[in-house]
Structures are given as structure tokens and as C-alpha cells.
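Everything on this sheet refers to the single structure shown next.
The values are calculated or read from the model by the stated rules, or taken from the named source; none is laboratory data. Keep in mind that this is a model prediction, so the values were computed, not measured. Virtual Cβ from ideal backbone geometry, glycine too; neighbours counted across all protein chains shown. Protein only, heavy atoms only, side chains kept; ligands, DNA and RNA dropped before computing areas. Shrake-Rupley method; radii C 1.70, N 1.55, O 1.52, S 1.80 Å.
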Amino acid sequence: MKVSLPNDQWAVVISNSEITERQNRAILRAVMNSTGTTALLESQGFKDGDPSTYHVYSALSNEEKDSVNDVQTVLICSLVSSWSFDSEINGDSCLDLPQETYQQLAMECLNAWKPPEVDMLDPKVVIAVLPD
């Protein structure tokens, strides 16, 4: 599906039925990492709108900090088959997109990807099948 983006740009986002197992595993891994880090932050008292709790976030490793936002980039890299930008589709080029474009494209990709049913998302099973 071709989606319109700001500044007359566009991207082609594949449908849920076209997502490969490799792409789906990468997305699930990013979702689980992000969810795990977010749960850790919340368990230690972090509140997004409360600066007095930001020390909890600053104590995370760089990898943990990255995992909070990686879902959007993984979705874009996995689901965009082509776009009107002059760069190939990869993590670096996604992060170089204008913020508004990045957010809109990430939302389009999230809408195209259908996560498994919650009751089917047993972490022990998902972790067992995800490659390192």
C-alpha cells in the first residue's frame, strides 16, 4: 500500500500477509525488548511526565535506552518495501527522516502489522523461537 508522507514524499508499506517470518521475529523481538525495558522503568518508579523520576531512565544502559524506541525503526525497516527518499531503507536512514515523517511512517507500519493475540504471546514460547 502506497502511503503519502509530508513534503510530497511516499512509502510503500507491505501488507500483514506479506510479512516474512524473519521480519515478524525482528518485530516481536523489538516489541518484547521495549516492553521489558518499559516494565523495568515503571517498576522502579519512572513516570514519563515527572522529571523527578528521570534518574531511573538515566541509570539504564545505552542498549536498554535504545530498546525503548527501536520498535518504530524495526517496523519501518521491516514493512517499507520502497520509498521516495534518496537513501536505502535501513536503521540509519530511518533515523535521518524528518521527525514528523518518521512518526507518521512508523504509525502506518504499526497499523499494517498485526501482532499475535495476547493469549498466544507466551514469552517462553516467543523467546524460544526468536534467533539471538
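Within segment 1-18, residues that are among the basic types (Lys, Arg) reach partners that are surrounded by fewer than 18 Cβ atoms within 10 Å (Cβ to Cβ) and not in a loop (DSSP other than H, G, I, E, B) with beta carbons closer than 6 Å, at six or more positions or on different chains, in the pairs 2/10; 2/12. Pairing residues of segment 67-86 that are farther than 15 Å from residue 15 by Cα with residues that are in a helix (DSSP H, G or I) and among the β-branched types (Val, Ile, Thr), at Cβ distances under 6 Å and at least 6 apart in sequence or on separate chains, gives 67/37; 68/37; 71/31; 74/27. Does residue 72 satisfy the criteria of being open to solvent by 30 Å² or more (accessible area, probe 1.4 Å), closer than 15 Å to residue 107 by Cβ and not in a strand (DSSP E or B)? Here the answer is yes, as residue 72 does meet what is asked. Scanning segment 5-22 for residues that are under 16 Å from the mean Cα position of the chain (by Cα) and surrounded by 11 or more Cβ atoms within 10 Å (Cβ to Cβ) yields 13, 14, 16, 19. Taken over segment 32-47, the criterion of being of a type in the set (Val, Ile, Thr) and open to solvent by 40 Å² or more (accessible area, probe 1.4 Å) is satisfied by 35, 38. Looking across 100, 108, one residue alone is assigned to a helix (DSSP H, G or I), among the charged types (D, E, K, R), farther than 22 Å from residue 22 by Cα and touching a residue at least 60 places away in the same chain (Cβ under 8 Å). It is 100.
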